[in-house]
Amino acid sequence: MAATSDGNEFPVRRVFCIGRNYAAHAREMGRDPDREPPFFFTKWAETVVPTGSVIAYPPETGNFHYEAELVVAIGSGGRNIAAADAERHIYGYATGLDMTRRDLQLEAREKGRPWDTGKNVEQSSPLGLIHPASEVGHLSTGRIELTVNGTVKQEADLADLIWSVPDVIAYVSRFYRLEPGDLIYTGTPAGVGAVVEGDQIIVSVAGLSDCVVTIGAPLA
(Lines give C-alpha, C1' and ligand atoms only; values in the text may rest on other atoms or scores of the structure.)
Protein backbone atom coordinates (compact mmCIF):
# COMPACT_ATOMS: atom_id res chain seq x y z
CA MET A 1 0.00 0.00 0.00
CA ALA A 2 1.32 3.44 -0.93
CA ALA A 3 0.23 6.85 0.34
CA THR A 4 -1.00 9.73 -1.79
CA SER A 5 -0.54 13.45 -1.25
CA ASP A 6 -4.27 13.93 -0.63
CA GLY A 7 -4.36 11.46 2.26
CA ASN A 8 -5.65 8.43 0.38
CA GLU A 9 -4.10 5.01 -0.11
CA PHE A 10 -2.93 3.51 -3.40
CA PRO A 11 -2.90 -0.31 -3.39
CA VAL A 12 0.31 -1.37 -5.17
CA ARG A 13 -0.19 -4.28 -7.55
CA ARG A 14 3.06 -4.71 -9.51
CA VAL A 15 6.33 -2.85 -10.02
CA PHE A 16 7.88 -2.40 -13.47
CA CYS A 17 11.34 -0.80 -13.75
CA ILE A 18 12.71 0.65 -16.98
CA GLY A 19 16.43 0.03 -17.47
CA ARG A 20 19.03 2.52 -18.74
CA ASN A 21 16.55 5.23 -19.75
CA TYR A 22 18.99 8.15 -19.45
CA ALA A 23 21.82 8.20 -22.02
CA ALA A 24 24.54 9.17 -19.57
CA HIS A 25 23.58 6.36 -17.19
CA ALA A 26 23.51 3.85 -20.04
CA ARG A 27 27.06 4.86 -20.89
CA GLU A 28 28.26 4.62 -17.28
CA MET A 29 26.86 1.07 -17.26
CA GLY A 30 28.85 0.23 -20.38
CA ARG A 31 26.00 0.34 -22.90
CA ASP A 32 25.31 2.41 -26.02
CA PRO A 33 21.94 4.15 -25.59
CA ASP A 34 21.66 4.89 -29.31
CA ARG A 35 21.38 1.18 -30.15
CA GLU A 36 19.15 -0.13 -27.37
CA PRO A 37 15.35 -0.34 -27.41
CA PRO A 38 13.58 0.05 -24.05
CA PHE A 39 13.62 -2.87 -21.65
CA PHE A 40 12.27 -3.47 -18.18
CA PHE A 41 12.39 -5.82 -15.23
CA THR A 42 9.87 -6.44 -12.44
CA LYS A 43 9.95 -6.34 -8.66
CA TRP A 44 7.58 -7.60 -6.01
CA ALA A 45 5.01 -5.13 -4.67
CA GLU A 46 6.32 -5.74 -1.14
CA THR A 47 9.65 -4.12 -2.08
CA VAL A 48 7.79 -0.78 -1.93
CA VAL A 49 8.32 1.08 1.35
CA PRO A 50 7.24 4.64 2.23
CA THR A 51 9.37 7.73 2.40
CA GLY A 52 10.84 8.16 5.86
CA SER A 53 11.77 4.49 6.13
CA VAL A 54 14.99 3.09 7.50
CA ILE A 55 15.91 0.33 5.05
CA ALA A 56 18.23 -2.47 6.09
CA TYR A 57 21.51 -2.98 4.27
CA PRO A 58 20.77 -6.27 2.46
CA PRO A 59 22.82 -9.46 2.76
CA GLU A 60 25.18 -10.92 0.14
CA THR A 61 26.42 -7.57 -1.16
CA GLY A 62 29.21 -5.11 -0.54
CA ASN A 63 28.03 -2.64 -3.20
CA PHE A 64 24.51 -1.39 -2.43
CA HIS A 65 23.60 1.37 -4.93
CA TYR A 66 21.00 4.14 -5.09
CA GLU A 67 19.08 4.97 -8.28
CA ALA A 68 16.76 8.01 -8.27
CA GLU A 69 13.56 7.60 -10.27
CA LEU A 70 10.38 9.33 -11.38
CA VAL A 71 7.60 6.85 -10.62
CA VAL A 72 4.31 6.66 -12.54
CA ALA A 73 1.24 5.24 -10.82
CA ILE A 74 -1.30 3.62 -13.15
CA GLY A 75 -4.93 4.49 -12.49
CA SER A 76 -6.77 2.72 -15.30
CA GLY A 77 -5.77 -0.44 -17.09
CA GLY A 78 -5.20 -1.33 -20.69
CA ARG A 79 -3.28 -3.43 -23.17
CA ASN A 80 -1.50 -2.10 -26.28
CA ILE A 81 -2.00 1.46 -25.09
CA ALA A 82 -1.07 4.05 -27.69
CA ALA A 83 1.49 6.59 -26.52
CA ALA A 84 -0.94 9.34 -27.50
CA ASP A 85 -3.52 7.88 -25.08
CA ALA A 86 -1.11 6.96 -22.26
CA GLU A 87 -1.67 9.97 -20.01
CA ARG A 88 -5.32 9.12 -19.42
CA HIS A 89 -4.17 5.85 -17.78
CA ILE A 90 -1.98 7.68 -15.24
CA TYR A 91 -3.24 8.23 -11.70
CA GLY A 92 -0.23 10.23 -10.58
CA TYR A 93 3.49 10.61 -10.03
CA ALA A 94 5.98 10.14 -7.20
CA THR A 95 9.67 10.24 -6.42
CA GLY A 96 11.29 6.86 -5.82
CA LEU A 97 14.41 4.75 -5.51
CA ASP A 98 15.48 1.52 -7.17
CA MET A 99 18.03 0.24 -4.65
CA THR A 100 20.35 -2.31 -6.21
CA ARG A 101 22.85 -4.95 -5.13
CA ARG A 102 25.14 -3.79 -7.94
CA ASP A 103 27.76 -6.50 -7.55
CA LEU A 104 25.12 -9.22 -7.88
CA GLN A 105 23.44 -7.46 -10.80
CA LEU A 106 26.70 -7.15 -12.75
CA GLU A 107 27.69 -10.73 -12.00
CA ALA A 108 24.32 -11.93 -13.31
CA ARG A 109 24.62 -9.71 -16.39
CA GLU A 110 28.06 -11.09 -17.23
CA LYS A 111 26.74 -14.64 -17.00
CA GLY A 112 23.58 -13.90 -18.99
CA ARG A 113 21.39 -14.65 -15.97
CA PRO A 114 18.32 -12.84 -14.59
CA TRP A 115 18.88 -9.80 -12.38
CA ASP A 116 16.50 -10.85 -9.59
CA THR A 117 19.07 -11.15 -6.82
CA GLY A 118 20.48 -7.74 -7.70
CA LYS A 119 17.20 -5.89 -8.11
CA ASN A 120 14.27 -7.69 -6.47
CA VAL A 121 15.44 -7.03 -2.92
CA GLU A 122 13.46 -6.44 0.27
CA GLN A 123 12.76 -2.71 0.87
CA SER A 124 14.46 -1.83 -2.43
CA SER A 125 11.68 0.35 -3.91
CA PRO A 126 11.23 3.33 -1.56
CA LEU A 127 8.41 5.60 -2.70
CA GLY A 128 7.45 9.18 -1.95
CA LEU A 129 3.86 10.38 -1.75
CA ILE A 130 1.95 9.82 -4.97
CA HIS A 131 0.64 13.13 -6.30
CA PRO A 132 -2.48 12.79 -8.48
CA ALA A 133 -2.05 14.10 -12.01
CA SER A 134 -5.09 16.26 -11.35
CA GLU A 135 -2.95 18.08 -8.79
CA VAL A 136 0.44 18.32 -10.54
CA GLY A 137 -0.35 17.82 -14.22
CA HIS A 138 1.67 15.43 -16.40
CA LEU A 139 5.42 15.57 -15.92
CA SER A 140 7.74 15.65 -18.92
CA THR A 141 10.32 18.22 -17.82
CA GLY A 142 11.80 19.29 -14.51
CA ARG A 143 14.82 18.60 -12.35
CA ILE A 144 15.43 15.19 -10.81
CA GLU A 145 18.11 15.09 -8.13
CA LEU A 146 19.53 12.72 -5.52
CA THR A 147 21.65 13.64 -2.52
CA VAL A 148 23.51 11.46 -0.05
CA ASN A 149 24.10 13.18 3.29
CA GLY A 150 23.43 16.52 1.60
CA THR A 151 25.84 16.05 -1.32
CA VAL A 152 24.38 15.96 -4.83
CA LYS A 153 25.15 12.65 -6.52
CA GLN A 154 22.62 12.52 -9.37
CA GLU A 155 21.03 15.37 -11.32
CA ALA A 156 19.25 15.56 -14.65
CA ASP A 157 16.04 16.79 -16.25
CA LEU A 158 13.04 14.58 -16.99
CA ALA A 159 13.33 15.84 -20.57
CA ASP A 160 16.53 13.74 -20.77
CA LEU A 161 14.58 10.48 -20.64
CA ILE A 162 15.36 8.44 -23.75
CA TRP A 163 11.86 6.95 -23.68
CA SER A 164 9.21 9.36 -22.38
CA VAL A 165 6.55 8.37 -19.88
CA PRO A 166 3.91 7.84 -22.63
CA ASP A 167 6.40 5.76 -24.64
CA VAL A 168 7.20 3.63 -21.59
CA ILE A 169 3.53 2.98 -20.84
CA ALA A 170 2.89 2.05 -24.46
CA TYR A 171 5.86 -0.32 -24.48
CA VAL A 172 5.13 -2.15 -21.22
CA SER A 173 1.46 -2.54 -22.18
CA ARG A 174 2.49 -4.50 -25.27
CA PHE A 175 3.71 -7.31 -23.01
CA TYR A 176 1.34 -7.07 -20.03
CA ARG A 177 -2.07 -5.60 -19.50
CA LEU A 178 -1.44 -2.69 -17.18
CA GLU A 179 -3.83 -2.54 -14.23
CA PRO A 180 -4.74 0.03 -11.58
CA GLY A 181 -2.12 -0.15 -8.83
CA ASP A 182 0.83 -0.82 -11.12
CA LEU A 183 3.91 1.35 -10.63
CA ILE A 184 6.44 2.13 -13.35
CA TYR A 185 9.88 3.30 -12.24
CA THR A 186 11.02 5.21 -15.31
CA GLY A 187 14.83 5.03 -15.10
CA THR A 188 17.72 6.72 -13.33
CA PRO A 189 20.19 9.45 -14.33
CA ALA A 190 23.96 9.02 -14.29
CA GLY A 191 25.85 9.16 -11.02
CA VAL A 192 24.72 5.95 -9.31
CA GLY A 193 26.89 4.90 -6.41
CA ALA A 194 27.22 2.94 -3.20
CA VAL A 195 25.89 3.76 0.25
CA VAL A 196 26.71 2.49 3.74
CA GLU A 197 24.88 2.20 7.03
CA GLY A 198 23.81 5.60 8.35
CA ASP A 199 23.63 7.35 4.98
CA GLN A 200 20.57 9.47 4.26
CA ILE A 201 19.27 9.54 0.68
CA ILE A 202 16.90 12.21 -0.61
CA VAL A 203 15.33 12.05 -4.06
CA SER A 204 13.71 15.23 -5.40
CA VAL A 205 11.65 15.75 -8.55
CA ALA A 206 10.34 19.21 -9.42
CA GLY A 207 6.70 19.50 -8.42
CA LEU A 208 6.66 16.42 -6.19
CA SER A 209 7.41 15.74 -2.53
CA ASP A 210 10.78 14.17 -1.69
CA CYS A 211 11.51 10.52 -1.04
CA VAL A 212 13.77 10.26 2.02
CA VAL A 213 15.34 7.06 3.37
CA THR A 214 18.14 6.14 5.73
CA ILE A 215 20.32 3.07 5.33
CA GLY A 216 20.04 0.92 8.43
CA ALA A 217 22.07 -1.89 9.91
CA PRO A 218 22.56 -5.11 7.93
CA LEU A 219 19.87 -7.75 8.29
CA ALA A 220 20.74 -10.30 10.95
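The values are calculated or read from the model by the stated rules, or taken from the named source; none is laboratory data. Quick caveat: nothing in here was measured; it's all calculated off a predicted structure. Cβ: placed from backbone, ideal geometry, glycine included. Neighbour counts: every protein chain shown.
Some observations on this one:
- Qualifying residue in the stretch 107-130 (condition: polar (S, T, N, Q) and without any contact (Cβ under 8 Å) to a residue 40 or more places away in the chain): no
- Filter result (surrounded by fewer than 21 Cβ atoms within 10 Å (Cβ to Cβ), in a loop (DSSP other than H, G, I, E, B) and at pLDDT 95 or above) within the stretch 173-190: Y176, R177, E179, P180, G181
- Across the stretch 88-106, the number of residues qualifying as free of Cβ contacts under 8 Å to residues at least 40 places away in the same chain and of a type in the set (A, V, I, L, M, F, W, C) comes to 1.
- Hits in the stretch 83-123 - residues which are among the hydroxyl-bearing types (S, T, Y) and crowded, with 24+ Cβ neighbours inside 10 Å: Y93, T95, T100
- Condition check for I201: within 20 Å of N63 (Cβ to Cβ) and not in a loop (DSSP other than H, G, I, E, B): yes
- In the stretch 1-39, residue farthest from A190 (Cα to Cα) [restricted to those that are at pLDDT below 95, of a type outside the set (D, E, K, R) and not in a loop (DSSP other than H, G, I, E, B)]: P33
- Conditions (1) in a strand (DSSP E or B); (2) out of contact with any helix residue (DSSP H, G or I) (no Cβ under 6 Å at 6 or more places or on another chain): number failed by G92: (2)
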